[in-house]
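To start, the structure itself, in structure tokens.
The values are calculated or read from the model by the stated rules, or taken from the named source; none is laboratory data. As the structure is a prediction and not an experimental result, all values here were calculated from the model. We place every Cβ from the backbone using ideal geometry, glycine too, and count neighbours over all the protein chains shown. Side chains are part of the model used for accessible areas, which takes the heavy atoms of the whole protein and leaves out ligands, DNA and RNA. Shrake-Rupley method; radii C 1.70, N 1.55, O 1.52, S 1.80 Å.
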Amino acid sequence: MILRHRLLLLLLIPFPLLAGAQQAEPVLKQITVPHPYYYREMYLPQLTTGPGSVAWSPDSKSLVYSMAGTLWRQKVDSSDAEQLTSGAGYDYEPDCSPDGRWIVYSSYLKDAIELWALNIETGKTQQLTTSGAVNVDPRFSPDGKRIAFVSTSFNGRFHIFLGDFANGELKNVQLLTGESRTALKRFYYSPIDHEISPAWSPDGTEIVYVSNHNRIYGTGGFWRMKAEAGAEPREIHYEETAWRARPQFSPDGKRLVYTSYLGQAWHQLWAMPSQGGDAFPLSYGDFDNVYPRWSPDGKRIAFVSNRGGNTSLWIQEVLGGAQTQIEAKSRHFIKPMGTLTIKVIDAAGRPTPARIFVTGEDGRAYAPDDAWMQAEDNFVHAERAFEPHYFHSNGAAELTAPVGRVDVEVMKGLEYRIVRKSMQVIAGSKSSLTIQLERLNIPRAARWVSADLHVHMNYGGAYRNTPKSLVAAAAAENLSIVENLIVNKEQRIPDIAYFSPKPDPASTSTNLLLHGQEFHTSYWGHLGLINLTRNYLIPDYASYGNTAAASLFPANATVADMAHEQQGLVGYVHPFDFVPDPAGDPSLTHDQPLDVALELPVDVALGKVDYMEVLGFSDHQSTAAVWYRLLNCGFHLPTGAGSDTMANFASLRGPVGLTRVYASVPDGPLNIHPWLDSLKQGRTFATNGPLLGFTLGGMQVGDELRLPAGENKVAVTAWMRSVVPVDHFQVVCNGEVVSDFKLSDSQSADMKETIPMSRTGWCVARAYSDKAEHPILDIYPYATTSPIYVTVAGSKPNAGEDAAFFMAWIDRLIFAANANTDWNTAAEKSATLDLLTYARKVYEGMQK
């Protein structure tokens, strides 16, 4: 998993991409906290077709909850659900006033989340905040006169505020918790402490909340303070939390219920004394139970669970622990609705899986009740009001949508044309739409098989993913191979039980699922380890300060050796959001937690790297710029690709297969071993949109072209096909553009020409766009082949400048390693410095 801040990526995109182009920007970009794909998914409300958050009515007989972006009310002994809101925004996080007259909630609209109040008697809504910030987690005080909530209105970070509530208005809002900075080095979190998830004590005098004050990892421990600005807080309990603890008092004030993954892979309900003490679990299971709310009568706890994959609503008896699901079998909508059936078929008329976007006339997204709604975490704000939402279909989908026009968009990976259609939904009627997909006209000189080398099946998201579900998503994205890189999320490793050297049993003849590992060393850079044949490597990381794994040992070169002993392949994942400056960039000594691939040039020089994610959760052109320098030094380094998709997230950077690598393999049944051989030989191209073909002097990608001394005229053939417009189609040799094809058709091109070649080096074909292109849910479309290597007799690579670049880079690493004090032994330090020094000598030898 990548650790960087996506907004930083946007600030560091090379200048030519920015000129005159509308760029994708983060959802709720006003938040200045790092790693938005973590807090957005785990703390901020998300659009799911199932329940997302819940509150009790004062009489403990009904629940008010968010579902599909609106608020609903349902009696606990009924299956009938009544819709309470149906506005322009997405409504979440309800809380009921003690007198039952009001519901306060958060609503996402116009690039902000504001607090609103619903008058139960009149059904009218009133906006409470207008800060243009992110305002969440509203909680009525026990007397109903105040509301505590979390807002980013102060410096763009999460802090707790209090306001006076009366007659549907919020006044005298003040910051309850101050802003403090830590000197601790946090990789995942801001140096500014946060305060989240407030809850009132039953007497209304105190607030309990979660804060990471004086903590390195996780969202922090539990704190109590008087509900007065300037009051002194006190920590009552600490454990590593991940945005979802959300403590809640019991009505008697003696206990707290909260969500914890302590000692396990999944969140469950836990309880502890409200003044602090030892905690114990109230629920069990290999799934998440989250968002607990204690009923006012003290007898039951309501919560949201993903035990069935999608989110669902449950209540648990405090005495005895019996659990009951609350199902909305009959839904009563505020506005007229109709039913829409969408069928997706292939050229032969057979149902085929696909990705589907459905948008109503109101601008909101819709999906079947049982579908996993998922959304992009970056989008072009000038193009649309909300980030794109979509779901995967097995070929047939039925959903409820508002009366009026509905826009439907269907795609199936990168080899089929995108289809867009609109139709009218009629009140109380069933409408149907059939969409037939058409393949692109792709040259078939070889058999190209696609793979996403970097997926996380489960990583703390809203849903509970399984191999069967992941394979179904891959089928909808027309992706043949998925590498689920198992990795830690804080203390836990959610998918470790699935690790196996064999393809997962859920695999099919057309879609393989493999379980590999991401070695999570945030100092040296993250490694993808695929095709491990024996065991998962423990611990899964190094350089975790204040833990037994604080040492910089093992370096990634050592980890690569362990993987290669198991016949595994080693790749560097999500390498660069920018081109590092060895002379002055602080990231090379981790003065800033940017999580770049620090050790990459070392391990390439040592022969440890089998592939590199030239396309990944990073800036593709910046990554390619470093890759080109390594190729200029004479190294053979194929391109891989990995989306780093967190496949159980509701808000993610894109679906499985968003970035993928195609490898040329022989005909026959789908088999991982010939595919991995092809990857290692460099018979690949990587893409998030354009498809490429490339030959040089009759040689294919991964081949070596041998030429006589002197000036040679070499024939180039190249083709490009794309589901979205492409601005540039080029051949790059030794880091320089040697052919810039003029495109008469921005989605299809076939080129032939001759280029001069007089020195040893390499060439690739690439295609890219200057801006984001929906529905490619990435910062911009980009594709590149692996190199064709060129050897000209009597010539060697001109590596002087590039070798000096990497020597300066490694000098910084050597300096930092010498200065580091976290080594366990002198032998660890010596072994690591020996690796760095040897790699430097490799580059030094290139200058002779």
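Worth a mention:
- From the options Ala88, Ala55, residue that is of a type in the set (A, V, I, L, M), open to solvent by 10 Å² or more (accessible area, probe 1.4 Å) and touching a strand residue (DSSP E or B) at 6+ places or on another chain (Cβ under 9 Å): Ala88
- Contacts under 7 angstrom Cβ, first residue in region 373-398 being of a type in the set (Val, Ile, Thr), partner modelled with pLDDT under 95 and open to solvent by 50 Å² or more (accessible area, probe 1.4 Å), 6 or more apart: Val380/Gln22
- For region 91-119, the set of residues classified as open to solvent by 50 Å² or more (accessible area, probe 1.4 Å) and not charged (D, E, K, R) consists of Pro98, Leu109, Trp116, listed by residue number.
- Residues that are open to solvent by less than 30 Å² (accessible area, probe 1.4 Å) number at least 2 in the following strands (runs of 3 or more DSSP E) confined to region 321-371: 337-345, 354-360.
- Just one of the listed residues (Gly634, Gly640) is assigned to a strand (DSSP E or B) and over 24 Å from Ser746 (Cβ atoms), namely Gly640.
- Being open to solvent by less than 10 Å² (accessible area, probe 1.4 Å) and in a loop (DSSP other than H, G, I, E, B) is a description that applies to Thr219.
- Tally, over region 746-755, of residues that are open to solvent by 50 Å² or more (accessible area, probe 1.4 Å) and under 33 Å from the mean Cα position of the chain (by Cα): 1
- Residue identified as touching a residue at least 24 places away in the same chain (Cβ under 8 Å), over 22 Å from His774 (Cβ atoms) and part of a loop (DSSP other than H, G, I, E, B) among Ala506, Ala472, Ala451: Ala506
- Some residue of region 685-705 being within 22 Å of Ala473 (Cα to Cα) and surrounded by fewer than 21 Cβ atoms within 10 Å (Cβ to Cβ): no
- Cβ-Cβ distances below 9 Å connect the following pairs, each with a first residue in region 813-835 that is open to solvent by 70 Å² or more (accessible area, probe 1.4 Å), a second residue that is part of a helix (DSSP H, G or I), and a separation of six or more residues or different chains: Phe815/Thr589; Asn818/Lys829; Asn818/Leu833.
- The lone exception for Glu25 - which of (1) in contact with a Gly (Cβ under 9 Å, 6 or more places away or on another chain); (2) of a type outside the set (Lys, Arg); (3) open to solvent by 30 Å² or more (accessible area, probe 1.4 Å) it fails: (1)
- Any hit, region 268-275, residues being in a loop (DSSP other than H, G, I, E, B), within 23 Å of the chain's Cα centre (by Cα) and of a type in the set (S, T, N, Q): no
- Just one of the listed residues (Val482, Val425) is hydrophobic (A, V, I, L, M, F, W, C), out of contact with any helix residue (DSSP H, G or I) (no Cβ under 6 Å at 6 or more places or on another chain), in contact (Cβ under 8 Å) with a residue 60 or more places away in the chain and buried (at least 20 other Cβ atoms within 10 Å of the Cβ), namely Val425.
- Of residues in region 530-550 being under 17 Å from Pro494 (Cβ atoms) and touching a helix residue (DSSP H, G or I) at 6+ places or on another chain (Cβ under 7 Å), the one surrounded by the most Cβ atoms within 10 Å (Cβ to Cβ): Leu537
- Taking the criterion of being of a type in the set (Asp, Glu) and touching a residue at least 12 places away in the same chain (Cβ under 8 Å), the only residue of region 568-583 that qualifies is Asp577.
- Screening region 166-195 for residues that are at positive phi and surrounded by fewer than 16 Cβ atoms within 10 Å (Cβ to Cβ) and picking the one that is farthest from the chain's Cα centre (by Cα) gives Asn167.
- Output for region 147-171, where each listed residue is part of a strand (DSSP E or B), more than 16 Å from Glu93 (Cβ to Cβ) and out of contact with any Lys or Arg (no Cβ under 9 Å at 6 or more places or on another chain): His159, Glu169, Lys171
- Qualifying residue in region 140-160 (condition: of a type outside the set (A, V, I, L, M), open to solvent by less than 20 Å² (accessible area, probe 1.4 Å) and in contact with a helix residue (DSSP H, G or I) (Cβ under 9 Å, 6 or more places away or on another chain)): yes
- Some residue of region 585-600 being of a type in the set (Gly, Ala, Ser) and at pLDDT below 95: yes
- In region 509-625, counting only strands (runs of 3 or more DSSP E) that sit wholly within it, the ones holding 1 or more residues that are aromatic (Phe, Trp, Tyr) and under 26 Å from the mean Cα position of the chain (by Cα) span 512-519, 569-572, 611-615.
- A search for C-beta distances below 8 Å between a residue of region 533-561 that is free of Cβ contacts under 8 Å to residues at least 24 places away in the same chain and any residue that is open to solvent by 60 Å² or more (accessible area, probe 1.4 Å) and outside any helix (DSSP H, G or I), counting only pairs 6+ apart in sequence or on different chains, returns Ala542/Phe553; Ala549/Pro539.
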